[in-house]
Amino acid sequence: MIAHIRGRMIEKNPDHAVIECNGLGYHINISLQTFSNIPDEENVKLFTHFVVREDAQILYGFLTKTEREIFKLLISVSGVGPSTAITMLSSMDTSEIQRAIAGEDVSKIQSVKGIGIKTAQRVIVDLRDKILKSYEISEEFPTSNNTIKIEALSALEVLGFSRKKVEKVIQVILQDSPTISLEELIKQALKNL
């Protein structure tokens with residue numbers, strides 16, 4: 001198993017990097033998060049995960065160990081392959097992924113290209129406890145708040161308010177009062193809109 005590679009950056013693209021180490025050039029698939037944060041220095045270190053399939057041997061690289069661990073957790077879920085996991089890490093940073101899984105935010109996970117509702121639910125079911133234990137994330141909102149948030153958003157959109165503005169207001173109210181009822185949430189949101 002290749003744990004990391006340190007070498008000279010030969011090529012840097014949004015989806016891959018080529019690092020030369022002892023005369024060998026390693027083609028390493030990366031996420032947009034890693035691409036954005038890799039320093040443009042010649043000498044670089046990436047934590048890696050090596051995937052061996054019947055038809056290919058693929059090296060994935062990550063700037064941080066946390067990103068690599070999240071990648072490994074994601075590919076452990078049935079229906080999530082390395083490409084989908086890299087797409088997810090490109091769409092959200094590691095803390096957003098952790099919060100989405102811990103908070104059971106199906107819509108946030110489903111917003112990633114290639115992930116449907118069933119796969120998003122499976123990601124939450126399979127990884128929620130691991131994420132909460134491994135990264136010591138406190139449960140920000142009870143699960144019921146996610147349902148209340150969605151219902152309040154729908155109700156306020158029907159009344160003609162823009163979704164973006166409503167989401168911000170509701171988020172603030174839920175942070176201040178996590179156990180608020182749906183009716184009270186809508187009333188407070190109307191006062192702030």
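Bear in mind these aren't lab numbers, they're just calculated from the coordinates by the rules spelled out. In this text the structure is predicted, and so the values were computed from the model without any measurement. We place every Cβ from the backbone using ideal geometry, glycine too, and count neighbours over all the protein chains shown.
In whole percent, what relative contact order does the chain give with Cα contacts below 8 Å and a gap of six or more residues? Mind showing how you got there, number by number?
Numbers: 263 pairs, mean separation 24.0, N = 193.
Across the chain, relative contact order equals 12 percent.
What does the extension gain come out to for Lys130 and Phe35, with contour length at 0.36 nm per residue minus their alpha carbon separation?
31.5 nm
In whole Å, how far is the Cα centre of region 14-65 from that of region 147-193?
Between the Cα centre of region 14-65 and that of region 147-193, the gap is 43 Å.
Quick one: grab the alpha carbon gyration tensor of region 65-134, order the square roots of its eigenvalues as a ≥ b ≥ c, and give me rounded if a/c is under 1.5, else prolate or oblate depending on whether a/b is larger than b/c.
On the way: a/c = 1.28, a/b = 1.08, b/c = 1.19.
Cα axes put region 65-134 in the rounded bin.
So if I place +1 on the C-beta of Lys and Arg and -1 on the C-beta of Asp and Glu, and nothing else carries charge, what would the dipole magnitude of region 4-62 be about its Cα centre? I want it in debye, nearest 20. Please list the in-between numbers first.
Working: 5 positive and 8 negative charges, 37 e Å.
So the magnitude is around 180 debye.
Simple spin-label model, 7 Å along Cα-to-Cβ: Asn43 to Ser177 in nm?
Rounded to a tenth, the inter-label distance reads 5.7 nm.
Give me Leu190, Leu73 sorted ascending by neighbouring Cβ count inside 10 Å, so fewest comes first.
Working: Leu190 13, Leu73 20.
By the 10 Å Cβ count, ascending, the order reads Leu190, Leu73.
Would you calculate the volume per residue, in Å³, of the smallest convex hull containing every Cα atom of the chain?
142
Is it possible to state the helix-based mean residue ellipticity at 222 nm for the chain, with each DSSP H run of 4+ residues giving -39500 (n - 2.57), the sum divided by total residues, to the nearest 500 deg cm²/dmol? What is it?
Values: 9 runs with 100 residues, N = 193.
Taking each H run of at least 4 residues, the total per residue is -15500 deg cm²/dmol.
For region 4-62, what does the alpha-carbon gyration tensor say about shape, rounded, prolate or oblate, given a ≥ b ≥ c as the root eigenvalues, a/c under 1.5 as rounded, and a/b over b/c as prolate?
Oblate.
What full-extension length gain, to one decimal in nm, is calculated for Glu96 and Gln57 as 0.36 nm per residue of separation minus the Cα-Cα distance? If you can, show how the numbers build up before the last one.
On the way: separation 39, 0.36 × 39 = 14.04 nm, distance 2.93 nm.
The Glu96-Gln57 span can extend by a further 11.1 nm.
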